[in-house]
Each structure stands twice: as C-alpha cells, then as structure tokens.
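*Asks:* One structure follows; several queries about it will come next.
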Amino acid sequence: MTALLYEGVGLIQRYGEREVLNLPRLEVEKGAVLALTGPNGCGKSTLLRILAFLESPAAGELRFTLADAVQSGEAARRQVSLLLQEPYLLRMNVQGNVLLGLRLRGLRLSRPEAGRIFEQVMWDVGFARPKDFADRGPAELSGGERQRVALAARLALDLPVLLLDEPTANVDAESARAIAEAVSAAGRRGTTVLCATHDPALIRALNAQELRLGRAWDEV
Amino acid sequence: MHYLLDGFLGALRLLAHLDAETLAIISATLRSTGYAMTAALVLGLPLGFLLGYGDFPGRRFFRLISDTLLAFPTVLIGLLVYAFITARGPLGHLGLLFTLKGMAIGQAVLALPIVVSWTAQAVEDLDPRCRQTLLTLGAKARQLALYSLWECRYAVLMVCVTAFGRVITEVGVAMMLGGNIRYSTRTMTTAIALETSKGEFAQGIALGLVLLLMAFVVNLLLALCRKRGRT
C-alpha cells in the first residue's frame, strides 16, 4: 500500500458567510496523478490553495506527511508548488522568473549552471530555443508562453508536489500540448500531481485518476 | 518691461560666473533637502510598506491619519517643529533652530506622510497574485517584503520624486525654522521671496531658473518611471 501524502477530514472553507468548500474526506497518495474536476464554483481552486498552504481551512483537519504544516506552514509550503490559473510573472526577465524559486531557497548558481537549468526546464515546457526568451520581459510574452514560463519556474524547483489550477484553460493548442507533456513527465518522475481542470484531453494526457468535486459535496 | 529683461540677463550672468552667494543658496537647498529626504525615506518606506501590506489592528486608522497629514499646512508644521526646537522647547538644548538640520526636520515631517501614504498605496495596488506567487515559490517573510517592494519599485520611485519636489519647493518651513540666514540657511525659495520683496529680480530669476531646471529633471524622471512601470 502506497503511503499517504495528504489526508484531509471534514475540510470546510468559508469566505464571509459563503461556504466555498465542503469536503468530507480527501486522501492523496504519494506519487499520484489526480485530476480535480467539477463545475465552476465547486471549490477546486480553494482546495488547491489549501493544499498549497496559502490558506487554512475554516474547519477540518489536513495532515501533510512531508512536513508539519501546523508547526511550520512555511516548511510545508516549501514542499509544494502551485501554478495559478492566471500565473503572475514578476517584473524581471524570463530567466529571472524561471530561476526565482531557486534563488528564494538560497541556491547560489554559477552562470553556466543557471543557464543549464533554465534551458532544460524551458525545453521541458516546449520552448525550442530557450535562449531567445531569456532576456524578454513578461509583457513580451503571449498568454500561452507566460503559462509555460510559470510552469517552468515550478518544474525548476523539482518539488515532491505539483498543484495546477486549470493550466490549459487560457492557452492555445500547442501550449496546452506542451504543458500536458511537461506535467505528465513530472508525474512519471514521481512527483505527486493534482491538477484542477475541465479539459478532458489534459486528463487523458496525464493518465490521471479523476476526483470529482460536486456542489452537493459528495464524498471523494 | 525692461526690468524683467534686465533681471533675466543679470540672472544668466550670476549663473555663468558661479556667483558665490547663489552657489551657497543652491548648496543649502540641496543639503537640507537631502537630509530631509533621507530621514523621510528611512522612516517612511518601511512604515508605508507595513500599512499597505500588513494586517494588524488599527491599520485603517493609521492609514487615515497618514492620509490626513498629506494636507498638513506647511506653516503649521513649521510652528509645531519650532515649538519643539526653540530654546524654550523640549529639544531646545540641541540648538537646532535656524540651522539646516532644524530646517530638515520640518521638511522631513512634511515629506513623511507623502512617503508613507503613497508607498502604502503602491503596495496595496500590487496584484494579489504577486504575493501568492512568491509564497508558492518558497519566499520567506523577509523575502516576501523585499520582492514585493521591488515589484512596485517604479511606483515607489515616483513617490520619492514627488516628495523631493514637495520639499525642495517648500518655503514656509524653511523660512520659520531656517530663518533665511545668508550663507547659512538661505534656500532657493526663501531667497526668491526675499529678493523679490527687495525688487532685486536678477538673483530671484537665477534661482527660479535653477528650480525650474530641477523641476524639469524631476518630471523627466517621473516620465521615465511611468514608461518603465508600464513594461
């Protein structure tokens, strides 16, 4: 039996009076590739933010086996990377954005080493000539390119957990294919992947087990 | 109208010959403004960041106070600081009245609400995804603060430039706390006021030209900031 990574019981989230998530039970095994599906407003993005330790549930318990999230939310957060539905790139060039997470973790990379990692992860997300993009600013990228650069920044960290919030929702077919391939490869390397999506093609490409959240909050 | 022309030509002569008194006035202006801006930025940037980013009881109240102080009349600032640094005041023993440092204190009080309120505004205007992105990439609290401030650097630079413009063109505080002492605390604005009242237009116009040049440089900087901020 594979060890559990997340174990949640009675997870409820409220914003003001509005209940946006009510999940009686959640179990995620290490190395699993899961697709979170369900109608808009069923709490997929909220659940991902909770699993990324960006917010705490209003009620319920969430156990995370890689770090004690109660004692140190920061330690738990550093094991998980989350790609937002509309990713934000900082006002620095593409290479700076891709390597930002490594710098935040105090890694001092030599110039050749930084270049090698940058090229590798950019290649992984479908950029045929990464060097051409290294010095570009976020404003010089298309929506699909921004999404892929943001994904490259998460892949560069090579963390045990990768959470994605509708990564192919606003991108062209070519970018969607590149994203699916990169995430699928991460899953094959043993990364636990949870991907909120409405895209059946992405679910098929990831060969993901489906977790359906419903408005009736059926047990998962 | 010939007196205006004479004044303008006299001004050019003063500037061309690097008139000692004119240079002393420009130097006093830049030094007092420099002291004031340093103090206002050292105190104001962290306070502004806290007000814009922090989540603590009373945050809205402090923000309201800071915003209200934006409309603080300069003569009232002069009066309050005067009361503190005059010989009979609590800080009288420091001998700050009618010195550049005394003047700079008043100017720093003038600039502080601008730096605090507008830095807070710049930080509040940051895209909320910036914070989430930094956190999900592994930023610690200090890194989160520094990178967020860096992210709104052009807006913060505009805050600095605006505060600088406000301080360097101010006359009430400089007059009350500096005393307009020749070769000591006479600044460009107080000198212009004095020379105009004496009917001596040449030095007034010369200093006005320098102020105008500085205003141009400040606005050029602002335009560059806006342009870079958009990219």
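*Asks:* Looking at segment B:93-140, which of its residues are part of a helix (DSSP H, G or I), surrounded by fewer than 23 Cβ atoms within 10 Å (Cβ to Cβ) and of a type in the set (S, T, N, Q)?
*Replies:* Matches in segment B:93-140: B:121, B:132.
*Asks:* While we're looking at this one, here's another question. Looking only at segment B:150-164, which residues are out of contact with any Leu (no Cβ under 7 Å at 6 or more places or on another chain) and surrounded by fewer than 21 Cβ atoms within 10 Å (Cβ to Cβ)?
*Replies:* Of everything in segment B:150-164, those that are out of contact with any Leu (no Cβ under 7 Å at 6 or more places or on another chain) and surrounded by fewer than 21 Cβ atoms within 10 Å (Cβ to Cβ) turn out to be B:150, B:153, B:154, B:155, B:157, B:162.
*Asks:* Further, regarding this structure: For residue B:19, indicate whether it is acidic (Asp, Glu), surrounded by 13 or more Cβ atoms within 10 Å (Cβ to Cβ) and either under 21 Å from residue B:159 (Cα atoms) or out of contact with any strand residue (DSSP E or B) (no Cβ under 8 Å at 6 or more places or on another chain) (or both). So that I can check it myself, show each step before the final result.
*Replies:* Working: acidic (Asp, Glu): yes; surrounded by 13 or more Cβ atoms within 10 Å (Cβ to Cβ): yes; either under 21 Å from residue B:159 (Cα atoms) or out of contact with any strand residue (DSSP E or B) (no Cβ under 8 Å at 6 or more places or on another chain) (or both): yes.
Yes.
*Asks:* Additional query: Search segment A:104-118 for residues being outside any loop (DSSP other than H, G, I, E, B) and over 14 Å from residue A:153 (Cα atoms), and hand back the single one that is nearest to the other protein chains (Cβ to nearest Cβ).
*Replies:* The selected residue is A:113.
*Asks:* Restricting segment A:171-192 to residues that are surrounded by fewer than 22 Cβ atoms within 10 Å (Cβ to Cβ) and β-branched (Val, Ile, Thr), which is nearest to the chain's Cα centre (by Cα)?
*Replies:* Applying the filter and picking the extreme gives A:191.
*Asks:* Would you check if residue A:10 is farther than 22 Å from residue B:146 by Cα, touching a strand residue (DSSP E or B) at 6+ places or on another chain (Cβ under 9 Å) and part of a strand (DSSP E or B)? Reasoning before the result, please.
*Replies:* Working: farther than 22 Å from residue B:146 by Cα: yes; touching a strand residue (DSSP E or B) at 6+ places or on another chain (Cβ under 9 Å): yes; part of a strand (DSSP E or B): yes.
In short, yes.
*Asks:* Let me ask something else about it. Considering only residues that are out of contact with any helix residue (DSSP H, G or I) (no Cβ under 6 Å at 6 or more places or on another chain) and of a type in the set (Ser, Thr, Tyr), look in segment B:10-38 and name the one that is modelled with the highest pLDDT.
*Replies:* Only one residue tops the list, namely B:38.
*Asks:* Filter segment A:26-58 down to the residues that are basic (Lys, Arg) and part of a helix (DSSP H, G or I) and list them by number.
*Replies:* A:44, A:49
*Asks:* A further question follows. Mind checking which residues of segment B:30-73 are free of Cβ contacts under 8 Å to residues at least 40 places away in the same chain, closer than 12 Å to residue B:113 by Cβ and of a type in the set (Phe, Trp, Tyr)?
*Replies:* Hit for segment B:30-73 is B:62, nothing else.
*Asks:* Further question: Can you work out which of the residues in segment A:139-163 that are small (Gly, Ala, Ser) and more than 14 Å from chain B (Cβ to nearest Cβ) is farthest from the chain's Cα centre (by Cα)? Even if it seems obvious, please write down each step before you answer.
*Replies:* Start the filter on segment A:139-163 by keeping residues that are small (Gly, Ala, Ser), which leaves A:139, A:142-144, A:150, A:152-153, A:156.
Now drop any that are not more than 14 Å from chain B (Cβ to nearest Cβ), which leaves A:142-144.
Numbers: A:142: 20, A:143: 17, A:144: 16 Å.
For segment A:139-163, the residue satisfying everything is A:142.
*Asks:* For segment B:74-92, enumerate the residues that are of a type outside the set (A, V, I, L, M, F, W, C) and free of Cβ contacts under 8 Å to residues at least 24 places away in the same chain. Break it down into steps so the answer makes sense when it comes.
*Replies:* To start, the set of residues in segment B:74-92 that are of a type outside the set (A, V, I, L, M, F, W, C) comprises B:74, B:78, B:82, B:86, B:88-90, B:92.
Answer for segment B:74-92, where residues must be of a type outside the set (A, V, I, L, M, F, W, C) and free of Cβ contacts under 8 Å to residues at least 24 places away in the same chain: B:86, B:88, B:89, B:90, B:92.
*Asks:* I'd like to check something: does segment A:16-25 contain any residue that is free of Cβ contacts under 8 Å to residues at least 60 places away in the same chain, assigned to a loop (DSSP other than H, G, I, E, B) and hydrophobic (A, V, I, L, M, F, W, C)?
*Replies:* No.
*Asks:* Of all residues in segment A:23-54 being of a type in the set (D, E, K, R) and surrounded by 19 or more Cβ atoms within 10 Å (Cβ to Cβ), which is farthest from residue B:135 (Cα to Cα)?
*Replies:* A:44
*Asks:* Only one of (1) in contact with a helix residue (DSSP H, G or I) (Cβ under 7 Å, 6 or more places away or on another chain); (2) more than 11 Å from chain B (Cβ to nearest Cβ); (3) closer than 28 Å to residue A:36 by Cα; (4) crowded, with 20+ Cβ neighbours inside 10 Å fails for residue A:166. Which number is that?
*Replies:* Here residue A:166 clears every test but (1).
*Asks:* Also: Just to be sure before I move on: is residue A:85 under 17 Å from residue B:133 (Cβ atoms), more than 10 Å from every other protein chain (Cβ to nearest Cβ) and either assigned to a loop (DSSP other than H, G, I, E, B) or of a type outside the set (Phe, Trp, Tyr) (or both) in the structure I sent? Talk me through it step by step, then tell me what you get.
*Replies:* Numbers: under 17 Å from residue B:133 (Cβ atoms): yes; more than 10 Å from every other protein chain (Cβ to nearest Cβ): no; either assigned to a loop (DSSP other than H, G, I, E, B) or of a type outside the set (Phe, Trp, Tyr) (or both): yes.
The answer is no for residue A:85.
The values are calculated or read from the model by the stated rules, or taken from the named source; none is laboratory data. Everything quoted here is computed from the prediction, not taken from an experiment. Using ideal geometry, Cβ is built from the backbone for each residue, glycine included, and neighbour counts are taken over all protein chains shown.
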